[in-house]
Every structure is written in C-alpha cells, then in structure tokens.
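**Q** Handing you this structure, nothing more for now.
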Amino acid sequence: MISFLLDGDDLADTRFAISPLREAMGSLRALRAPALYPLHTPWRRSVLDRLDPADARLLRALVGPTLALPDFLTPRPTTFAPTLEDQLAAVRSTPPDLVRRDLHAAHAPHPLPDALRQITAPGDAPVAELLEELSDLLRRYWESAIGPDWPRMRLVLEADITHRARQLAMGGARLLFSDLHRNVRWRDGVLRVEQMIGRHEVDGSGRGLRLVPSLFAHKPAPPVSADDPASEGAARDGTAHPGP
C-alpha cells in the first residue's frame, strides 16, 4: 500500500493537469499486456502494424515485468497541459543516477533487458546517449501512435477533469477520492492506494495535489520510487501527483 499524507494546505492546492508523455508511456502497457486493455485492441493492432521492429523492441524494454514504468519517463506536469516537447526536455535533463535507479527499479528483481544494458557501462556518457535515443524514440512513437488521436483523447481527459472538479466543488475531497478507484481510500488525512507492489509513505508537505487523468491505466499506479511523490491512474480511476 502507498500512502500520501495530505494536510489542509495540500487539499486547498488540489489542481488538475493533462500529460501527453504520461499518455504515451501509459499506452506502452496496452501494447505489453493486451488482456488488461480489451477496449484498446483495434488501436493496439494498428499501432503494432506501423511500428519499426527496432523501435518496438526498445519501447517494450521500458515496461517492467509488473508493468512498472521508469519514473523519469512520467514527469509530473508543471502546468495544466505541458507540451510533449516540454516534457521530453525534462526527460533529457534527468541526472544519470536517477535514470539508472528508475530503470533498475522498474525491472526489479529481474535484470535489465539487453536494450537497456548500456546504462551499466562505466561513466555517464552511455546514459546521456540513451536519454537522447529515448527522446527521439518517444517523439516518433507519439507522432505515429498517439498524435493522430490526441485531439479526441484530450477531449475525453478534459471531460473527466470537469467531472472531478464538480465533485470537488460539491462534496470536497471525500467525494472526489471516493470515486477515483476501488483501491483508493481517503481517511483521516491520508490518501491510501491499496494492492500495490510498493510499500511506502509520502508526505505532501504542503506541496499540493495534482490530479492527472489517463486513458491507459487500468488501476492507480504510484511511482516505483518512494523518493518521487507522484502517481498515475486512469480517467474514471484517478491520478495523484503531490507537488507544485
């Protein structure tokens, strides 16, 4: 279980956001585990038909055996709707140690796939090369798999945000959190996400709460690392990102 400790300042600073990169990364789960995403089957087939085999191999390597995603590839939105390029710029600026940490954590306790083994080489240059490669890869993937449908997808995400904002206005945090997902519980100032592989507690510390809907999450999925206070979810399931 992952727990988020939220005080009055955190609740007062509850906001919403849309994350293009989060959607692209989340969609990789649908490619990796189609049984969990039956409604996405036509989209998945179309995407796989268009993907270059080399790109598909590296994209698959970004998703861990438990469908965990590296935290640095799902950066917290810093505005309501950051552009993909803004988020890829954040990815390229990730410190090498965090890249190693997040990739190893996403695949733990298994070894890294061959496509990612270069980060185990001495020095930071191999990590910098991988970051550039991933940035270019995710841009190509977006243009092929997500971009053509993004206007319609964004309308769905914005509709979900409107629904959540109405719940917050009418019933406060209790009503908002009660409808996010069956694994989410709000009680005594603590937002708990149950049935998680990870077991840690995150203190909001007055940083607020940013809610980010997604069309590619079958359940809430907080970050792999306890050091990164963010989580993700699905439209109708909810996403929480403590932070400014």
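The values are calculated or read from the model by the stated rules, or taken from the named source; none is laboratory data. Here the structure is a predicted model, which means the values were calculated and not measured. For neighbour counting, all protein chains shown are included, and Cβ atoms are generated from backbone atoms with ideal geometry for every residue, glycine included. Just the protein is used for accessible areas: all its heavy atoms, side chains included, with ligands, DNA and RNA removed. Shrake-Rupley method; radii C 1.70, N 1.55, O 1.52, S 1.80 Å.
**Q** Given Cα pairs under 8 Å that are at least 6 residues apart, what percent is the relative contact order of region 1-96?
**A** The normalised contact order for region 1-96 reaches 41 percent.
**Q** Shifting gears a bit: Cα gyration tensor of region 129-199, axes a ≥ b ≥ c as square roots of the eigenvalues: rounded (a/c below 1.5), prolate (a/b > b/c) or oblate?
**A** oblate
**Q** Also, quick follow-up: With a ≥ b ≥ c the root eigenvalues of the C-alpha gyration tensor of region 1-78, is it rounded (a/c under 1.5), prolate (a/b larger than b/c) or oblate?
**A** Verdict is prolate for region 1-78.
**Q** Could you please state how large a percent of the accessible area of region 1-151 is carbon and sulfur, counting protein chains only and using a 1.4 Å probe?
**A** It is 57 percent, rounded to a whole number.
**Q** Something else: Sorting GLU133, GLU143, GLU23, GLU158 by accessible area (1.4 Å probe), largest first, what list results?
**A** GLU143, GLU133, GLU158, GLU23
**Q** For region 1-68, with only Lys/Arg (+1) and Asp/Glu (-1) charged at the beta-carbon, what is the dipole magnitude about the Cα centre, in debye rounded to 20?
**A** 560 debye
**Q** Could you compute how much accessible surface SER178 exposes when probed at 1.4 Å, giving the result in Å² to the nearest 10?
**A** Here the residue's solvent-accessible area equals roughly 80 Å².
**Q** Does region 133-172 come out rounded, prolate or oblate, given a ≥ b ≥ c as the square roots of the eigenvalues of its C-alpha gyration tensor, rounded meaning a/c under 1.5 and, failing that, prolate meaning a/b above b/c?
**A** Oblate, because a/c is 1.5 or more while a/b does not exceed b/c.
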